[in-house]
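A quick write-up on the structure given underneath.
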Amino acid sequence: MNVTFTQKDKNSILEDIKSLKETVWINENYSKFKDVKKDLPLSYEDVLEAEKRLTRFQPFIKRAFPETKDGVIESPIMKIDNMKERMEKDFGKEIKGTLLLKRDDLLPIAGSIKARGGIYEVLKHAETLAINNNLLSIDDDYSVLAEDKFKEFFSNYTIQVGSTGNLGLSIGIISAKLGFKVKVHMSQDAKKWKKDLLRSKGVEVVEYTSDYSKAVEEGRKESENDPNSYFVDDENSKNLFLGYAVGGIRLKKQLDNMGIVVDKAHPLFVYLPCGVGGGPGGITYGLKLVYEDNVHCLFAEPTHSPAMLLGLITGLHDKVSVEDFGLDNKTDADGLAVGRPSSFVGKMMERLLMGIYTIDDSRLYKFLKALYEEEDIFLEPSALAGFLGPILFANEDNATHICWATGGSLVPEYVRKEYLKRV
Ligand SMILES: Cc1ncc(COP(=O)(O)O)c(C=O)c1O
């Protein structure tokens, strides 16, 4: 498995994209954080407010989802030395520095990075409705929200979302628990087990034979026709973004507890699988708030669905799609099967993101199997896209590299077996 990385000009990268060749783009507009932050539409205060809201909801989450224990939706981070050694062997290249895995596959309730943004947005909507109807005040103990009185109240309202799968799972599970009616519009890429799981929770699943953008469009349209319906807009939502950003700012405490220093002499590199962009974009923003120029984030996209890469490299954001470049947007990484990026996130990332690389589906399965064999960790294919990052960028002894594992704990056993047989 040989990977070579030379910095290429835009045209060569576009040629790679069109011919489905893995490629690496280093953002020529990557800037100092202090020069960027004043122009951004969100602030540190917005992220801190989101974190405070999640703290207010802790007693509710603890009661409604005892598996969270303390009502905090957070994931562990760990060293993966065996996997590091295996990757060095498989690629014939030393991975310098420390390699860590952020385990969003273990996030409680929804088992993916989507548990951060999706759950946050539904909680915020529920809080707003309850406060506006004089049923709740922000000083109350929010565990009351698990009572039948609130379920009855929320049953007058609908929540809708378009999804490739995991956002639907997170929105569906939390909304159903609160008592909302929920309708999830699923693209053709969504895996059957994700639809089955949602239906088992009482969620209405609408299936489309088209891709993610169409599912979002239809969901948005249908929701607009119902005054009691709220649409979680994966392409444009600031609330989703803030929910993810909380994950970014929380990471510092975890690294501090591990004794991992991040400063100018000890940079941090973070590799994030990217679909429409909200998840990785929000995490990047949160990390930039706490580590500024000492953290460097890179997105990873499938060679068949490099939507954010095309949006940023052309500067056209949601005015360009992978289909415009002759690509089919077909990938086994269902969470990343997005043909058109979020322009809201793309614009936020224009000067914050260090770069993007693409990865072939076959590599995702190789990483999936290797991680299972070496660390006994099972991830879903989308969640492995980060693993190529350290191969490309881990060239310094003093750096720390984090692969963001974005999902996998809910994958049923029969699907796991099938994935493990792919290589
Ligand atoms: C497992 C997984 N990883 C990464 C992503 C990418 O998140 P986003 O679409 O917000 O970029 C998704 C999206 O559904 C996902 O399910």
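The values are calculated or read from the model by the stated rules, or taken from the named source; none is laboratory data. Please read all numbers here as calculations on a predicted model, not as lab measurements. Virtual Cβ from ideal backbone geometry, glycine too; neighbours counted across all protein chains shown. Ligands, DNA and RNA are stripped out before the accessible areas are found, and what is left, the full protein with its side chains, is counted by its heavy atoms. Shrake-Rupley method; radii C 1.70, N 1.55, O 1.52, S 1.80 Å.
Structure notes:
- Out of Lys214, Lys192, Lys221, Lys183, sole residue that is over 29 Å from Ala64 (Cα atoms), basic (Lys, Arg) and under 22 Å from the mean Cα position of the chain (by Cα): Lys214
- For segment 253-295, the set of residues classified as open to solvent by less than 30 Å² (accessible area, probe 1.4 Å), of a type in the set (A, V, I, L, M, F, W, C) and more than 16 Å from the ligand (Cβ to nearest atom) consists of Leu255, Ile260, Val262, Leu268, Phe269, Leu289, Val295, listed by residue number.
- Test: Ala300 is small (Gly, Ala, Ser) and under 21 Å from Gly97 (Cα atoms): yes
- Against the criterion of being within 23 Å of Asp140 (Cα to Cα) and free of Cβ contacts under 8 Å to residues at least 40 places away in the same chain, Glu51 does not qualify.
- Checked against (1) over 18 Å from the mean Cα position of the chain (by Cα); (2) in contact (Cβ under 8 Å) with a residue 60 or more places away in the chain; (3) within 29 Å of Glu217 (Cβ to Cβ), Asp328 passes all but condition (2).
- Scanning segment 41-65 for residues that are surrounded by 17 or more Cβ atoms within 10 Å (Cβ to Cβ) and in a loop (DSSP other than H, G, I, E, B) turns up Leu42, Phe65.
- Among residues of segment 221-252, those that are among the aromatic types (Phe, Trp, Tyr) and within 13 Å of the ligand (Cβ to nearest atom), counted: 2
- Residue count for segment 242-272 satisfying the condition of being over 23 Å from Met348 (Cβ atoms), touching a residue at least 40 places away in the same chain (Cβ under 8 Å) and out of contact with any Pro (no Cβ under 9 Å at 6 or more places or on another chain): 5.
- Filter result for the condition that a residue is at pLDDT 95 or above, over 28 Å from Lys151 (Cα atoms) and open to solvent by 60 Å² or more (accessible area, probe 1.4 Å), over Lys93, Lys38, Lys8: Lys93
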